[in-house]
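The values are calculated or read from the model by the stated rules, or taken from the named source; none is laboratory data. Nothing here was measured: the structure is a model prediction, and the numbers come from that model. Every residue, glycine as well, gets a Cβ built from its backbone with ideal geometry; the counts of neighbours run over all protein chains shown. Please note that ligands, DNA and RNA were not included when accessible areas were found on the heavy atoms of the full protein model with its side chains. Shrake-Rupley method; radii C 1.70, N 1.55, O 1.52, S 1.80 Å.
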Amino acid sequence: MMKRIIAILICVIFLYSCSGENLYEFKDLTAEDDYIYSVYIYPKNEGQPFSYKIVHYQTNGYNEIISRTMSTSVNNRNQNELYSVKGYRQNGIKFYPEENIGKIYFLLSEVGPYDGYIGYPIFQYITDGEKSVNVGFDFQTNTRVIQEDISEGN
């Protein structure tokens, strides 16, 4: 009898510990609209290599900001990066110029009704490649986020 009570008590404690605050606050984002960040990078001196680092971030279903970092060095005349996000809370692009960056053009657009079709633009932003920049959108407050001269920790 005592073994059963202990086993039940252990199960109750285990189930209680699994019921953390995030377990019931998960939001399924499949119903949220899809958006595309297009980032067009142009070198200061065409024909010369250029490099940069991009951190793409967005809010997940647990209301946590998740991010992915990518560093790139290219010899092209320009470079185009595309990132998809859900229209939920905060998301954006942090751009860190490293070498020979002239202009950066950011565009946030809805995903259109057909594959490969970029729909209505939400906003655009153009800046020179001298400073690091955070360009994003907060779907909760319906405001765009633009911060220049950010550090790598921001």
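Given the conditions (1) at pLDDT 90 or above; (2) part of a loop (DSSP other than H, G, I, E, B); (3) of a type outside the set (Asp, Glu); (4) farther than 17 Å from Val74 by Cβ, and given that Lys27 satisfies all but one, which numbered condition is not satisfied?
Evaluating Lys27 over (1) at pLDDT 90 or above; (2) part of a loop (DSSP other than H, G, I, E, B); (3) of a type outside the set (Asp, Glu); (4) farther than 17 Å from Val74 by Cβ leaves (1) as the failure.
Being open to solvent by less than 80 Å² (accessible area, probe 1.4 Å), closer than 30 Å to Glu25 by Cα, touching a His at 6+ places or on another chain (Cβ under 7 Å) and not in a loop (DSSP other than H, G, I, E, B) narrows it down to one residue among Ile146, Ile36, Ile122, Ile93; which is it?
Exactly one residue qualifies, and that residue is Ile93.
Please specify each residue of segment 72-90 satisfying the condition of being part of a strand (DSSP E or B), of a type in the set (Gly, Ala, Ser) and open to solvent by less than 80 Å² (accessible area, probe 1.4 Å).
Hit for segment 72-90 is Ser84, nothing else.
Restricted to segment 43-67, and to residues that are surrounded by fewer than 18 Cβ atoms within 10 Å (Cβ to Cβ) and of a type in the set (Ser, Thr, Tyr), which residue is nearest to Asp28 (Cα to Cα)?
Tyr62
Of the residues that make up segment 3-17, is at least one modelled with pLDDT under 90, assigned to a loop (DSSP other than H, G, I, E, B) and exposed (fewer than 14 other Cβ atoms within 10 Å of the Cβ)?
Within segment 3-17, not a single residue is modelled with pLDDT under 90, assigned to a loop (DSSP other than H, G, I, E, B) and exposed (fewer than 14 other Cβ atoms within 10 Å of the Cβ).
Take segment 125-137 and flag every residue that is modelled with pLDDT of 90 or more and open to solvent by 20 Å² or more (accessible area, probe 1.4 Å).
Tyr125, Ile126, Asp128, Lys131
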